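**Student:** Below you'll find the structure I mean.
The values are calculated or read from the model by the stated rules, or taken from the named source; none is laboratory data. All figures in this text were calculated on a predicted structure; none of them were measured in a lab. Here the Cβ is made from the backbone with ideal geometry for all residues, glycine too, and neighbour counts use every protein chain on show. Please note that ligands, DNA and RNA were not included when accessible areas were found on the heavy atoms of the full protein model with its side chains. Shrake-Rupley method; radii C 1.70, N 1.55, O 1.52, S 1.80 Å.
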Amino acid sequence: DAKTTQPPSMDCAEGRAANLPCNHSTISGNEYVYWYRQIHSQGPQYIIHGLKNNETNEMASLIITEDRKSSTLILPHATLRDTAVYYCIVSRRGSNYKLTFGKGTLLTVNP
Amino acid sequence: DAGVIQSPRHEVTEMGQEVTLRCKPISGHDYLFWYRQTMMRGLELLIYFNNNVPIDDSGMPEDRFSAKMPNASFSTLKIQPSEPRDSAVYFCASSLIGGRDSLKANEQFFGPGTRLTVL
């Protein structure tokens, strides 16, 4: 699976949009971009995934560049409860897949 | 659904003792994963099962670790004998790949984890 690069930490003011970048320059055509987050002392939680189109759900939006070498996770109105480590993962779908978690980005939402 | 259930939530044992961690996946899920998380190594995949069959155990650190899935609703991760370096949080996760809702495929649901301390 392709590797990803994320900044180790970011800060965001409560109520503002949080934009978390991820580089995945070696992504292959059949690999998806997944985002998970881990709130302190909890198990990771799925947020969103995409292939090449932008995606939106009730939690976040995912913007993938046209060349698919990078993506941005957007939390439109960050709250204190969004403080967590956010993981960007590239993986194939379907059988014989697995998720490889890197170090992620620690997002701290400040009041 | 109650989500993925793990037990115990905390385990403290002495070096050399056998440790058994338990996991009940979400009903109907066909994949089950065991992860280990430490400060030094982050979140590592140890082994995963598909329809109760082990598919990839390349992440299992050594022969002291073993995992079983006797049926679709139960899995165990055993460490025998345990060592202080096994201290970590162990997560179990389950997923549905074979379902009709392809948009949900590959989403892994994690349990709350078991914090293991080996003295």
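**Student:** With a 1.4 Å probe and all protein chains kept in place, how do B:ASP30, A:ASP11 rank by accessible area, largest first?
**Tutor:** Listed by decreasing accessible area, they come as A:ASP11, B:ASP30.
**Student:** GluC sites (Glu not before Pro), restricted to the stretch B:11-110: which are DSSP loop and have at most 11 other Cβ atoms within 10 Å? Walk me through the numbers before you get to the answer.
**Tutor:** Numbers: sites: B:GLU11, B:GLU14, B:GLU18, B:GLU44, B:GLU62, B:GLU107; in loops: B:GLU14, B:GLU18, B:GLU62, B:GLU107.
Qualifying residues, ordered by number: B:GLU14, B:GLU18, B:GLU62.
**Student:** Compute, for B:SER87, the solvent-accessible surface of its heavy atoms (probe 1.4 Å) with the complete set of protein chains present, and express it in square angstrom to the nearest 10.
**Tutor:** Probe radius 1.4 Å; accessible area of B:SER87 about 40 Å².
**Student:** Using 1/(1 + (r/R0)^6) with R0 = 30 angstrom and r between the beta carbons of B:MET15 and B:VAL53, what's the FRET efficiency to the nearest 0.05?
**Tutor:** Working from the Cβ atoms, E equals 0.40.
**Student:** While we're on this one: Beyond 17 Å, what share of the Cα-Cα pairs of the stretch A:12-85 remains, rounded to the nearest whole percent?
**Tutor:** Of the Cα pairs, 44 percent sit more than 17 Å apart.
**Student:** Sticking with this one: Enumerate the residues in the stretch B:36-59 having an amide nitrogen under 15 Å from the point lying 7 Å beyond the Cα of B:ARG85 toward its Cβ.
**Tutor:** B:38-42
**Student:** Over chain A, with every protein chain in place, what whole percent of the accessible area is carbon and sulfur at 1.4 Å, could you tell me?
**Tutor:** Roughly 49 percent of what the probe reaches on chain A is carbon or sulfur.
**Student:** In addition: Within 10 Å of each Cβ in peptide B:46-54, how many partner chain Cβ atoms are there on average? Round it to a whole number, please.
**Tutor:** That average works out to 1.
**Student:** Next question. Can you give me the P(r) profile for chain B? Cα pairs, bins 5 angstrom wide beginning at 0, each as a whole percent.
**Tutor:** Histogram of Cα-Cα distances, whole percents per bin: 2, 12, 23, 25, 19, 11, 5, 2, 1, 0.
**Student:** Here is a follow-up. Buried accessible area for the B:A pair, summed, 1.4 Å probe, in Å² rounded to 100?
**Tutor:** Details: alone 6850 and 6560 Å², together 11760 Å².
Chains B and A together bury roughly 1700 Å² of accessible area.
**Student:** On to the next question. For the stretch B:37-99, I need the span (max minus min coordinate) of the C-alpha atoms along each principal axis, in Å, sorted largest to smallest.
**Tutor:** Its Cα atoms span 39, 22, 19 Å along the three principal axes.
**Student:** What's the center-to-center distance, using Cα atoms, between the stretch B:46-73 and the stretch A:49-86 in Å?
**Tutor:** With the stretch B:46-73 and the stretch A:49-86 each reduced to a Cα centre, they are spaced 32 Å.
**Student:** When Cβ neighbours within 10 Å are restricted to other protein chains, what is their mean count per residue of peptide A:47-53? Kindly include the intermediate steps, with their values, before the conclusion.
**Tutor:** Numbers: counts 1, 1, 4, 0, 0, 0, 0.
So the per-residue partner count for this stretch is 1.
**Student:** List the equivalent ellipsoid semi-axes of the protein assembly as shown in whole Å, largest first, each obtained as the square root of 5λ for an eigenvalue λ of the Cα gyration tensor.
**Tutor:** Semi-axes from the Cα gyration tensor: 30, 21, 16 Å.
**Student:** Please go through the stretch A:48-111 and write out the GluC sites (Glu not before Pro) that DSSP classes as loop and that have at most 14 other C-beta atoms within 10 Å.
**Tutor:** In loop regions of the stretch A:48-111 (DSSP not H, G, I, E or B), the sparsely surrounded GluC sites (Glu not before Pro) are A:GLU58, A:GLU66.
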